[in-house]
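Below is one structure, written out as structure tokens; the observations come after it.
The values are calculated or read from the model by the stated rules, or taken from the named source; none is laboratory data. Since the model is a prediction, treat every value here as computed from it, not as a measurement. Here the Cβ is made from the backbone with ideal geometry for all residues, glycine too, and neighbour counts use every protein chain on show. When the accessible area is computed, the model is the full protein with side chains, heavy atoms only, and any ligands, DNA or RNA have been set aside. Shrake-Rupley method; radii C 1.70, N 1.55, O 1.52, S 1.80 Å.
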Amino acid sequence: MDGRAAGEAQQVRRPRVQKNVTAAIGLDICSERYPVGSVMPKENDLCDLYGVSRTVIRETLKVLATKGLVHSRPRVGTVVCAKAEWNILDAQVLEWMGPRIQELDLLGCILETRRTVEPVAAEFAAERATAQEIADLEAAWVRMRDADADGDTEAFTRADVQFHEILLKASHNLVFHQLAAIIHAALRYSLHRSNEVVDRRDEALDVHRQLVEALRLRDKEAARACSHRMLDLAARDLAPAMRQRGQAPETP
């Protein structure tokens with residue numbers, strides 16, 4: 001292999017290497033191998049620990065900084081940030097934290113956010129949603145129904161996330177529209193947890209279908225009521241996971 005070919009091969013491999021190292025160090029931070037407030041090993045030591053170049057380590061630390069996990073301090077080095085600074089809406093951070101996510105009461109926080117936003121978004125959507133958006137919502141519901149029939153929890157969750165993101169966008173509120181993208185990972189995490197703990201999803205499917213119908217009829221009150229019922233079901237289904245932390249959500 002000549003020098004040019006070797007360089008091209010290195011360019012192809014480097015992103016994968018960096019991605020793997022980013023995940024490895026991210027996991028080590030989230031598992032408290034590097035505790036909050038501690039100073040990370042020096043670049044050369046990280047190179048030896050993870051078997052990569054200084055360039056890869058530097059790029060990795062930059063990525064972790066954008067996720068709020070670390071920050072650089074002059075004459076000190078790279079310091080692990082407080083958990084309150086971590087971007088817990090980032091899909092990778094959620095994955096790295098794993099069971100430790102319970103320490104931040106994320107399920108409760110997501111539920112509170114949804115209770116604040118979704119019923120209002122549903123009411124707005126009943127007034128503002130286009131025919132195409134209503135059709136898209138119905139298509140997402142059909143995917144949920146089919147996935148449930150197949151016993152495919154992952155596909156059910158994907159369709160469920162799509163349903164709620166379409167709903168937020170159908171409100172035609174620019175802030176809600178942006179929020180759909182911002183909370184995507186957290187919403188997926190929350191819906192996955194609620195979907196995997198129940199044996200039957202008949203009630204959830206029924207209320208999602210009723211919400212689509214409320215939008216089609218332009219019935220704002222019914223749309224808001226359906227959204228509240230969805231969230232009550234989510235609170236009920238998430239209660240076992242929440243009780244593990246001693247902070248179960250209130251259910252009607």
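Listed values, structure above:
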item	result
Computed FRET value (nearest 0.05) for Ala84 with Arg145, which takes r as the C-beta separation and R₀ as 30 Å	0.15
Among Ala126, Ala180, Ala84, residue whose mean-square fluctuation peaks in a GNM of the chain (springs only between Cα atoms under 10 Å)	Ala84
Cys109 versus Glu221: modelled label distance in nm, points set 7 Å from Cα along the beta carbon direction	3.7
Within the chain, helix-based [θ] at 222 nm, where runs of 4 or more DSSP H residues each add -39,500 (n - 2.57), nearest 500	-23500 deg cm²/dmol
The chain: C-alpha gyration tensor shape, a/c 1.5 cut-off, then a/b vs b/c	prolate
Given Lys42/Lys83; Lys42/Lys67; Lys169/Lys220; Lys19/Lys42, the pairs whose alpha carbons are separated by over 18 Å	Lys42/Lys83; Lys42/Lys67; Lys19/Lys42
C-alpha center-to-center spacing [the range 35-65, the range 143-170] in angstrom	39
Max mean-square fluctuation residue, GNM over the chain, Cα-Cα springs under 10 Å, options Glu103, Glu127, Glu213	Glu103
Portion, in percent, of the accessible area of the range 87-162 that falls on carbon or sulfur, probe 1.4 Å	50
Positive-pole candidate from Ala126, His208, Ala139, dipole of the range 116-252, charges at beta carbon	Ala126
The chain: most fluctuating residue of Gln92, Gln132, Gln18 per GNM, C-alpha cutoff 10 Å	Gln132
Between helix 184-196 and the chain: long-axis angle, C-alpha atoms, 0 to 90°, nearest 10	60
Mean separation of Cα contacts under 8 Å, 6 or more apart, over the residue count of the range 100-167: relative contact order %	30
Options Ala186, Gly26, Pro240, ranked by Cα towards positive dipole end of the chain, top entry (Cβ charges)	Gly26
Calculated FRET value between Asp206 and Asn20, using beta carbons and R₀ = 45 Å, to 0.05	0.55
Relative contact order, percent, the chain [alpha-carbon distance under 8 Å, six or more residues apart]	18
P(r) histogram, all alpha-carbon pairs of the range 33-102 included - 5 Å bins from 0, percent	3, 16, 25, 27, 18, 10, 2
Per residue accessible area in Å² of the range 149-222, where ligands, DNA and RNA are left out and the probe is 1.4 Å	51
